[in-house]
Amino acid sequence: MSEPLRKPAVFSLDDPRVVVAGREEQPAEAASSIDQGAQAEHLSAAPARRVWRWPWGALFWSALSGLVLLALSLAVTRFVEDLFARAPWLGALGLALALLAGAALLAVILREAIGLARLATVEHLRERAAAVIASDDRESGRALVADMIALTRGIPQLARARTRLAGHRADIIDGRDLVRLAERELLAPLDHEARRLVLAASKRVSVVTAISPRVGLDLVFVLINALSLIRKLAVLYGGRPGALGVLALFRRVMAHLAVTGGVALTDSVLQQLIGHGLAARLSARLGEGMVNGLLTARLGLLAIDLVRPLPFCALPRPTLNELAGSLLRSAEPDPAGDGRDRRDGPKSQ
Amino acid sequence: MPDAFHVTPIVADIVEQARQVARSLAEFGHGLVHPTVRLGVTGLSRAGKTVFITALVHGLVRGGRFPVFEPMASGRIAGAALSPQPDDAVPRFEYERHVRTVVAEREWPESTRQISELRVVIEYQSANGAMRTLTLDIVDYPGEWLLDLPLLEQDYAQWSADMLARSHTPSRRGHAAAFHAHVAGIDALKPAQETVAIEAARLFTAYLEACRGERPTLGLMPPGRFLMPGDFAGSPALTFAPLDLPEGQEPPAGSHGALMRRRYDAYRDMVVRPFFREHFARLDRQIVLVDVLSALDAGAEAVRDLQDALTAILDCFRVGRGGWFGALFRPSADRILFAATKADRLHHTAHDRLEEILRRMTQRAISRAGGAGAEVDVIALAAVRATREALVQGESGGLPSIVGLAAPGEVTHEFGDKKEIAVFPGDLPSDVSQLFDAGSEPSRAAMPRLTKKGDFRAVRFRPPALELTDDGVPALPHIRLDRALQFLIGDRLR
C-alpha cells in the first residue's frame, strides 16, 4: 500500500548533483513549462469541451462555402484565361491580382483560426482555474500562473503586475491562493477598464436610442455597439478574436442572455422598472434608451464572464445594479441632454 | 473565600458567568467604537510561538512579503505600530529583543515560559475607501495551561481520586513509586506539616515531569502549571498533591487533607480561573502551533504522544460562532488555525503530507470546532523560513531537498558548521493512517516504516539572512505566514 520511503540524506553544496532552485534558474524552468503548457493547450483546447455530435450544420456551411469558393475560383480562372486571350499583359496582371487575393484570403482565414484558438485557450484557462480553486493543487496552480503571465504578455499596463507575480513564483504558495493572487494582480486593472467599457457602451446606446430618428436605426446601432463592445472586452482580457470569434462570442452571449434573462430580470427588475418609470415620465424615448442601455450593460457583463481568463474569486463580480446605478446617475444630472431629446423627439416624428 | 466557592460551586459558576457577561457587554460596546481582535497564540513548548509572533509583528510593522494577505498586498494597510497593551498585569511580549536575536544574531529566540501580550494597531483603508483602525492584541500562552481548564469543574476529592487512580496504571507506577511511598506515610486526617506538603508537591511534580519526559510520554496531566509554572513557581498555590482521602470523611480543619484541599481550591481560583476569564474566554481568533516535524524526527511513538497531548489540550477548547447573541454573551474564538510549524525543514512537495498528518492529529478538535460553528483550517507554516530548496539529482527523479546553514551540533558530519548543506529529510508516508494505526500494540509492532528513529530527520537550521520586499524593504522570508494572517484577521480588514 505504500511506495518505498526514501531515507534521509545530507549533501555538501559542492556536490555536483545538488541543484539549488535559485532565482536565476527558476524562470528558465518556468518558461519551458509555459511553452509546454501552451502547446498542450493548443492541442487539447479545441476538442476538449463540446459533447461530440454529428455536425450537420457545420458540414452544410463548409460544403456550401467550399462550393462557393470553387465557383469563385472557376470564374476567376475563366476570367484570367479571357484576359490572357485578350492581351498577355492583361492576363499577367489578372493572375497577379488573383494570387494576391488568394493569399490575403488565406491570411484572413489563418488569423480567424488563431483568434478562435485563443478564445478557446482563454476558456480552457478559466476551467483550469476553477479546477485549481477546487483542488488547491500547487503544481497546476503554478502552471496556470505561468500561462496567465504568458497570456497577458501583450497587455502593457500589466508589466509591473507581471513582474511582481513572477517574483512570487519562487515562494511557496498553495494553488488556490496562487489563482487568487494572479486574479488580484493581473485582472484588477482589467476589470476596472472592462466596467468602464461596458458603462460607456450602455450610455452610448441609451443616448442614441433616445435621440435616434427612426426605430430601425437604433436597433442597428445597438447591435453594432454590442459587437464592438464584445470585441473590445475580448481584446482587453487578452483574447484577439477576429470577426468569426466575435460572432461566436456574440452567439454564446445571446444564448446566455436567453437563459439567464429571466433570472437577471428578477434580481434587477426593480432597478429597471424604476429607471424606466422615472425616465419614461420624462420622455418615452429616454425610457426606451434606458432599457436598451441596461440591456447592453447586461450583455457586456455576460461577455466579461465569457472572455475573462479566470473566474471571479478574489475580486467582486461587477453587477448590473452597480452599472445601472451609474447609468441612472449619469442620466440624472444631464438635463440638457433630456431637453435636447425632447426637442429632437417631435421634430423627427 | 475559596471555601465559600467550594461549598457552593453553582453559585461560583453563576457569579463567574455573570462576570463574563458583564465584561463581554463592555467589550462589545468598546468593540463597536474601536474594533479589536484578540489573537491567541498557543502550542506546547518549543512549538515556535515566539518566532511566529515575532515574524508576524515584524511583517505587519515593517512590511513583509505577504502576497496572499490581501490588505497588505493590495496596499490598503497604511501602517501598523506597536502600542501600549491594555492589560497591565501581563508581561509584554519582548518583540524587540526577539527580533534582534533573529535578524541580527541569526539565532532562534529562547522560548518564553509564561503568558505575554502585545498590541499592534493597524491603520487601513477599507475596500469602500474609509480610513479605519484595527487593534490586534496578540496573546501568547503556553499550551500546557489549557490542561487546567477541566479543573474548573472538579473539586479536590474528585481530582485526587482521579490522579491517584491514573498513577497506579502499570505504565506510570514506576515513575510514581517515590511519590506513592511518600503519600502512603501521610494521613489526610492528621494535622498538617508544611515540610511534608512541600515534599509531596515536589515528588508529585517530579512524577508529572517524568511522565512527560518518558519516551513514549505518558501524556500530559494537569495541573499544567506544575509543568510550566510561569509566575507562580514556589508559591503555596502550587504546593499541593493528591492524597488518599478516606471515603465519606470530611478532613478536619488543620489536617493535611484540609490543607491540600485549600491549596487546590486556591490554585483553581487564583491561577486557573483568572487565566480562563482574563485571557482564554476573551479570544476572538486562535492559532495552535504544533511542531509535528520534531515528533516525526523522534519516531512514530513521539507522534502518537504529540497527538495525545494535543487531544488533551484541545478538549479544553471552547469555540463557537460570534453572532450578535454570542458576541454579546459568550465571546469565543470563531476561527481556529492549526499550523504545523517549521515547515521549512521540508521541501514544499512534502507540505501536503505534513498538513494531512496534522489534520489527522487534530481531527477530534476540528470536527468539534466545526460543529460549534467555528471556521477551522490546517496549514503547514514556517514563520521564518530558514532554507531554500534544491534538487539532488539521482535515481527516480532526484531527491527534493532543502539548503540552509545547519544549527551548531545538528549535523555530526564532515560538513562543519560554517557551510551550507543540502538535506533530504526523508519521505513522509503518503498514507497517513500508517502513523496512527489505532494505537493497539500488535499494529504498532507491525507498523512498517517511520517507526524507527532515523527514518525521518528534520535538521534544525539557523535563521536566514533577510530578503527584500517589492518595495525594497528588508523582510523575513516565510512560508504561508501570509495565508495564516489572511485566515486569522483578513476578514476584519475588509
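The values are calculated or read from the model by the stated rules, or taken from the named source; none is laboratory data. Quantities reported herein were computed from a predicted structural model and do not represent experimental measurements. Cβ sites come from the backbone with ideal geometry, for glycine too, and all protein chains shown count toward neighbours. Calculation scope for accessible area: heavy atoms of the full protein, side chains included, ligands and nucleic acids excluded. Shrake-Rupley method; radii C 1.70, N 1.55, O 1.52, S 1.80 Å.
Summary table
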item: Which numbered condition A:GLU24 misses (of (1) at pLDDT 50 or above; (2) loosely packed, with under 12 Cβ neighbours inside 10 Å; (3) of a type in the set (Asp, Glu)); result: (1)
item: Answer from B:ASP231, B:ASP244, B:ASP265 - the residue that is more than 23 Å from B:ALA12 (Cα to Cα), acidic (Asp, Glu) and within 26 Å of the chain's Cα centre (by Cα); result: B:ASP231
item: Looking only at segment B:282-294, and only at residues there that are part of a helix (DSSP H, G or I) and open to solvent by 10 Å² or more (accessible area, probe 1.4 Å), the one that is nearest to B:PHE240 (Cα to Cα); result: B:ARG282
item: Hey, B:PHE204 open to solvent by 40 Å² or more (accessible area, probe 1.4 Å), in contact with a helix residue (DSSP H, G or I) (Cβ under 6 Å, 6 or more places away or on another chain), free of Cβ contacts under 8 Å to residues at least 60 places away in the same chain and within 18 Å of B:GLU144 (Cα to Cα) or not; result: no
item: B:ARG113 charged (D, E, K, R) and farther than 19 Å from B:PRO474 by Cα; result: yes
item: A:SER228 being within 16 Å of the chain's Cα centre (by Cα), at negative phi, away from every other protein chain (no Cβ under 14 Å) and of a type in the set (Ser, Thr, Tyr); result: yes
item: Some residue of segment A:189-199 being open to solvent by less than 40 Å² (accessible area, probe 1.4 Å), within 14 Å of chain B (Cβ to nearest Cβ) and within 25 Å of A:GLY293 (Cβ to Cβ); result: yes
item: Residues satisfying the stated conditions in segment B:51-88, i.e. within 14 Å of chain A (Cβ to nearest Cβ) and outside any helix (DSSP H, G or I); result: B:GLY64, B:ARG65, B:PHE66, B:PRO67, B:VAL68, B:PHE69, B:SER74, B:GLY75, B:ARG76
item: Qualifying residue in segment B:189-196 (condition: among the aliphatic types (A, V, I, L, M), closer than 30 Å to B:VAL57 by Cα and not in a loop (DSSP other than H, G, I, E, B)); result: no
item: Tabulated pairs, segment A:196-208, first among the aliphatic types (A, V, I, L, M), second open to solvent by 40 Å² or more (accessible area, probe 1.4 Å), C-beta under 6 angstrom, 6+ apart or interchain; result: A:LEU197/A:LYS232; A:VAL208/A:PHE221
item: Residues of segment B:89-132 satisfying the condition of being surrounded by fewer than 17 Cβ atoms within 10 Å (Cβ to Cβ), touching a residue at least 60 places away in the same chain (Cβ under 8 Å) and not in a loop (DSSP other than H, G, I, E, B); result: B:ARG132
item: Qualifying residue in segment A:171-185 (condition: more than 12 Å from chain B (Cβ to nearest Cβ), open to solvent by less than 40 Å² (accessible area, probe 1.4 Å) and closer than 23 Å to A:ARG231 by Cα); result: no
item: Any hit, segment B:394-413, residues being touching a His at 6+ places or on another chain (Cβ under 8 Å), surrounded by 15 or more Cβ atoms within 10 Å (Cβ to Cβ), more than 8 Å from chain A (Cβ to nearest Cβ) and modelled with pLDDT of 65 or more; result: yes
item: Yes/no for B:ALA12 being assigned to a loop (DSSP other than H, G, I, E, B), surrounded by 14 or more Cβ atoms within 10 Å (Cβ to Cβ) and either touching a residue at least 60 places away in the same chain (Cβ under 8 Å) or over 24 Å from the mean Cα position of the chain (by Cα) (or both); result: no
item: Among the candidates A:GLY238, A:GLY245, residue that is at pLDDT 80 or above and not in a helix (DSSP H, G or I); result: A:GLY238
item: Conditions (1) crowded, with 20+ Cβ neighbours inside 10 Å; (2) in contact with a Phe, Trp or Tyr (Cβ under 9 Å, 6 or more places away or on another chain); (3) away from chain B (no Cβ under 14 Å); (4) at pLDDT 80 or above; number of the one not met by A:SER212; result: (4)
item: Single residue of A:SER62, A:SER73 found to be under 28 Å from A:ALA248 (Cα atoms), surrounded by 10 or more Cβ atoms within 10 Å (Cβ to Cβ) and within 29 Å of the chain's Cα centre (by Cα); result: A:SER62
item: Output for segment B:447-494, where each listed residue is at pLDDT 85 or above, touching an Asp or Glu at 6+ places or on another chain (Cβ under 7 Å) and facing chain A (nearest Cβ under 10 Å); result: B:PRO477, B:ILE479, B:ARG483, B:GLN486
item: Residue count, segment A:142-170 (criterion: more than 23 Å from A:LYS232 (Cβ to Cβ), within 12 Å of chain B (Cβ to nearest Cβ) and crowded, with 19+ Cβ neighbours inside 10 Å); result: 3
item: So B:SER433, is it over 27 Å from the mean Cα position of the chain (by Cα), at pLDDT below 85, among the polar types (S, T, N, Q) and more than 30 Å from B:LEU283 (Cα to Cα); result: no
item: Extreme residue, farthest from B:LEU238 (Cα to Cα), among residues of segment B:207-216 that are modelled with pLDDT of 80 or more and open to solvent by less than 70 Å² (accessible area, probe 1.4 Å); result: B:ALA210
item: Checklist (1) modelled with pLDDT of 80 or more; (2) of a type in the set (Ser, Thr, Tyr); (3) within 30 Å of B:THR42 (Cα to Cα) applied to B:SER171, failing item; result: (1)
item: All positions within segment B:377-390 that are surrounded by 21 or more Cβ atoms within 10 Å (Cβ to Cβ), in a strand (DSSP E or B) and more than 10 Å from every other protein chain (Cβ to nearest Cβ); result: B:VAL378
item: Search result, residues across segment A:305-329 that are open to solvent by 50 Å² or more (accessible area, probe 1.4 Å) and among the β-branched types (Val, Ile, Thr); result: A:THR319
item: Residue check, B:PRO442 at pLDDT 65 or above, more than 10 Å from chain A (Cβ to nearest Cβ) and surrounded by fewer than 17 Cβ atoms within 10 Å (Cβ to Cβ); result: no
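Table: residues versus (1) at pLDDT 80 or above; (2) of a type in the set (A, V, I, L, M); (3) in contact with a Phe, Trp or Tyr (Cβ under 9 Å, 6 or more places away or on another chain).
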position: B:PRO251; (1), (2), (3): no, no, no
position: B:LEU259; (1), (2), (3): yes, yes, yes
position: B:TYR264; (1), (2), (3): yes, no, yes
position: B:GLY299; (1), (2), (3): no, no, yes
position: B:THR311; (1), (2), (3): no, no, no
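Matching residues to (1) crowded, with 16+ Cβ neighbours inside 10 Å; (2) under 25 Å from the mean Cα position of the chain (by Cα):
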{"site": "B:GLY143", "(1), (2)": "yes, yes"}
{"site": "B:PRO150", "(1), (2)": "no, yes"}
{"site": "B:ASP155", "(1), (2)": "no, no"}
{"site": "B:LEU164", "(1), (2)": "yes, no"}
{"site": "B:THR169", "(1), (2)": "no, no"}
{"site": "B:PHE179", "(1), (2)": "yes, no"}
{"site": "B:HIS182", "(1), (2)": "yes, no"}
{"site": "B:THR195", "(1), (2)": "no, no"}
{"site": "B:GLU199", "(1), (2)": "yes, no"}
